[in-house]
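Here the structure is laid out as structure tokens; the discussion comes afterwards.
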Amino acid sequence: MTGLLLTNVRPLGGESVDVLIADGRIARMGAGLDAPEGVSVEDGAGALLLPGLVEAHVHLDKNVLGLPWRSNSAGPTIRQTIDNERRLRTELGMDPARQSARLAALCVANGSTHIRSHIDVDTTHGLAGVEGVLATKEAFRDAVEIQTVAFPQSGLLTRPGTLELMAAALEMGVDVVGGIDPCTIEFDPKGHVDAVFGLAQKFGRPVDIHLHEPNELGLFSMTLIAERTRALGMAGKVAIGHAFALGMPDGAAVEAMLEVLAASGVAVMTTGPAGHPAPPVKRLRAAGVDVCAGSDNIRDLWSPYGNGDMLDRARLVGMRNGLSTDEDLRLAFDLCSFAGAKMMGLSGYGLAVGDVGDGVLVEAGSVAEAVVLAPVRKLVVKRGRVVARDGRPTA
Ligand SMILES: [Zn+2]
């Protein structure tokens, strides 16, 4: 038998137990378990055991990790940021395979066992990003599972040829169809939704759309997305990233939109942004909307910030949403773990017998304390294999 016995660990802050992972799954949990032959043992020394963290929205393909410091020259508009980035990626000679491997290694060190990465698909760089991230996905397959999204960052309809590249990316095995601001980037909301959901239907894939549009315009795009999701029977297979419009001051309009999102089964991803209106996560939860969290841009031409640490992300989302009780902080953690897993459609995620044998050990008394302190990851386990120790990848 191959596997791992974790002794004296406290799953989600509960009583101390031993956890036996065999053949990639949690086989037994209890006191005083013996290690079968061939199974290695790790002494948890009373550490908190968390499920593998879930990075539900990141851009692995385009960071500057390991490169000389790059002064941020983005903006001020999203369109200017997009065009600036597309030009600089050529000038800087950014290699998507190398850069995505660097960021994936950082995510593993910080305890992410699942990642959903958007990948730019455009008529300047073609499918170079897709090829690079797919290479990283394969190279890291024993350490982290990477879902990929074909993302028309520069526009889908506004840049002829992009739709064909998106289809080619899906034919190469990309998992999800991405989209972006149907009104403010595409100037053709119905056309954009037709194109994105058309690809999703043709290839049988989920949808994940970046939506930065503010206020009523954002709510309008959300309504289109929700209506199309309902009409095509895609509940549970569609996510909207950012959804800044849900942070607008008009409480009644937001409340009505939350009902529509909940009824149509459209999930929302937030980073807990400091510089934008943000979806109020407790209200989304109360309304029955699936909400999860992601890092989005890490150390790239959009943002100089980010560290690939989903416990730190839980802390940021908590601060942005005024979460302070232990119950609130467990919600912040849930957004970076169980809720992300649900949005990504993962099966066997969790810390029960029969679940996939992923987990993270940290020195903390409770989940709430882990969110506040974001302590170094003592151990990261992927399907019963140690993939990071003391904050560093093992391979
Ligand atoms: Zn993004």
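The values are calculated or read from the model by the stated rules, or taken from the named source; none is laboratory data. Computed from a predicted structure; not experimentally measured. A quick note on method: Cβ atoms are made from the backbone with ideal geometry, for glycine too, and the neighbour counts reach across all protein chains shown. Quick note on the areas: whole protein, heavy atoms, side chains included, nothing else; ligands and nucleic acids left out. Shrake-Rupley method; radii C 1.70, N 1.55, O 1.52, S 1.80 Å.
Some points to look at:
- Residue check, Ile115 within 15 Å of the ligand (Cβ to nearest atom), open to solvent by less than 10 Å² (accessible area, probe 1.4 Å) and within 13 Å of the chain's Cα centre (by Cα): yes
- Any chance Gly46 is open to solvent by 10 Å² or more (accessible area, probe 1.4 Å), within 16 Å of the ligand (Cβ to nearest atom) and on the phi > 0 side of the Ramachandran plot: no
- Pairs with Cβ under 7 Å, 6+ apart, first in the stretch 348-369 and more than 26 Å from Ser324 (Cα to Cα), second assigned to a helix (DSSP H, G or I) and open to solvent by less than 40 Å² (accessible area, probe 1.4 Å): Tyr349/Ala341
- Some residue of the stretch 323-335 being small (Gly, Ala, Ser), closer than 26 Å to Asp358 by Cα, open to solvent by less than 50 Å² (accessible area, probe 1.4 Å) and within 16 Å of the ligand (Cβ to nearest atom): no
- Scope the stretch 273-303; condition modelled with pLDDT of 95 or more and among the basic types (Lys, Arg); matching residues: Lys282, Arg283, Arg285
- Qualifying positions in the stretch 118-146 - among the polar types (S, T, N, Q) and surrounded by 24 or more Cβ atoms within 10 Å (Cβ to Cβ): Thr136
- Selection within the stretch 49-92: residues that are among the charged types (D, E, K, R) and either modelled with pLDDT of 95 or more or within 16 Å of the ligand (Cβ to nearest atom) (or both). The member of this set that is most open to solvent (accessible area, probe 1.4 Å) is Arg79.
- Of all positions in the stretch 297-308, at least one carries a residue that is of a type in the set (Phe, Trp, Tyr), within 16 Å of the ligand (Cβ to nearest atom) and farther than 28 Å from Phe197 by Cβ.
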